[in-house]
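The values are calculated or read from the model by the stated rules, or taken from the named source; none is laboratory data. In this text the structure is predicted, and so the values were computed from the model without any measurement. Cβ placement follows ideal geometry from the backbone for every residue including glycine, while neighbour counts extend to all protein chains displayed. Quick note on the areas: whole protein, heavy atoms, side chains included, nothing else; ligands and nucleic acids left out. Shrake-Rupley method; radii C 1.70, N 1.55, O 1.52, S 1.80 Å.
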Amino acid sequence: MTDIGPADQHTVRRHNCALVLDTIAASPGISRAGVAARTGLTKATVSSLVDRLVTASLVREDGRQHRSGPGRRGTSLSLSPHGPHGLGVEIAVDHVTTCLIGLTGEVRDEHTRRVDNRGRSVGRVLARIAREMNEALDRAHRNGIVVGGIGVAVPGLVEAANGWVRMAPNLGWRDVDLITELHRRVAVPFGELVVGNEADLAALAELAAPRRHCEDAAPDSFVYVSGEVGVGAGIVLDGELFRGTHGFGGELGHFPVQQRGPRCSCGARGCLERLAGQDAILDRAGVDDVDTLCVRLEDGDRTAAAAARSAGRLLGTALSGVVNLLDVSTVVLGGIYARLYPWLAGPLHTELTARVVSTPWRSVDVRRSTVGPEAAVRGAAISALRTIRTDPASYLSRSSTHRKSVRTTEAGD
């Protein structure tokens, strides 16, 4: 039995600070009195915490509330669009992308550099990543944007406890301490950099995406399938991202779909991504890139259509196991699969209908991503902001220390 003692005052303050910020995020326009009523905290405690959040630009005051009844009108509170931003970085096989996202979800900067990271040493690839990160940080500084954290998306097994990339087969990486390696190359304090699997972070972006119509609303549980050179899955259960015990969940691309199939980069044979990943589809269609493939498909090219159908069937075979195991009723297609949705969805859905035992009572909804190809990098930025949202007290402490150091430097000058 584990002994659990009472929480100290510091722990209580951190909890209350996160509670207040979360309440404001969930109810934009709420007043201090409204926050106190919803959280059960005293008005004095709420007022003190809100003042600190405003000072750190996490929250802004929007003027007096509009109300028709009697009584004093409170000041409307909401997340600040001018507060800290998350910098997302996606390390992909064929590109590096960065983006900046604010607390209110707006994308302020997005940049993609097409590069081939296969067959390159880890050091060479990380030097390139560091240049992209430093350029993004410089652009943010020139635009007066404060970067409060950095999230990095990687196509491989990322250990949740420490951010180690244990294996990224398509990059040729194994046991890379990515956080330490990036800190050696980029001037970011420890505690402000998080690493995650690209499919997991893409699912996080899908979960956080604003919905224009009720029918677009994100379900509580779904599987996001990231189709690139590799194939990954982000699993969302009851509104929360499920990473598995060690963070290694969602490796859909290494589901076996052909016992004696070709050798995969992971070392096994017949893996899904080796037969239905981007390279496999392009090779079977006889084209060099996705744009050409889409043109051929729109023109009714039979070879291209056969390649898409084959990928859809294999994808449905693998996903049927996931749906049977987890009892999720929605599959969201991202990456190349989102672009190929009109040609993939039919054969994929046919396989799911034939193989998922619950389909006579609950059909599986197959839809394309609403976020688009930037899902992973945006999810990475959102993951960085989540560290602030879940522990704003730590950010307040860091920002306070930074402001003091700036004032000291200016006084010395």
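Results, tabulated for the structure shown:
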quantity	calculated
Protein accessible area in the range 200-350, 1.4 Å probe - carbon and sulfur %	47 percent
Residues whose placed amide H lies under 5 Å from that of G261, excluding near-sequence neighbours	G270
Gain in span if fully extended, H15 to T180, counting 0.36 nm per residue against the direct Cα distance	56.5 nm
Kyte-Doolittle mean at least 0.0 and Cα axial length at least 27 Å: DSSP H helices in the chain	302-326
Helix-derived mean residue ellipticity, 222 nm - over the chain, DSSP H n ≥ 4, -39500 (n - 2.57), to 500	-14000 deg cm²/dmol
Area of W343 that stays accessible when all protein chains are in place (1.4 Å probe, Å², to 10)	70 Å²
Packing rank of 334-340, 29-35, where each peptide gets the mean count of other beta carbons within 10 Å, highest leading	334-340, 29-35
Per residue, in Å², the accessible surface of the chain once ligands and nucleic acids are set aside, probe 1.4 Å	49 Å²
Long-range amide H partners of T370 with built H, under 5 Å	none
Residues with amide H under 5 Å from that of D365, placed H, sequence gap 5 or more	T330, V331
Among H85, H111, H254: highest mean-square fluctuation, GNM of the chain, C-alpha pairs under 10 Å	H111
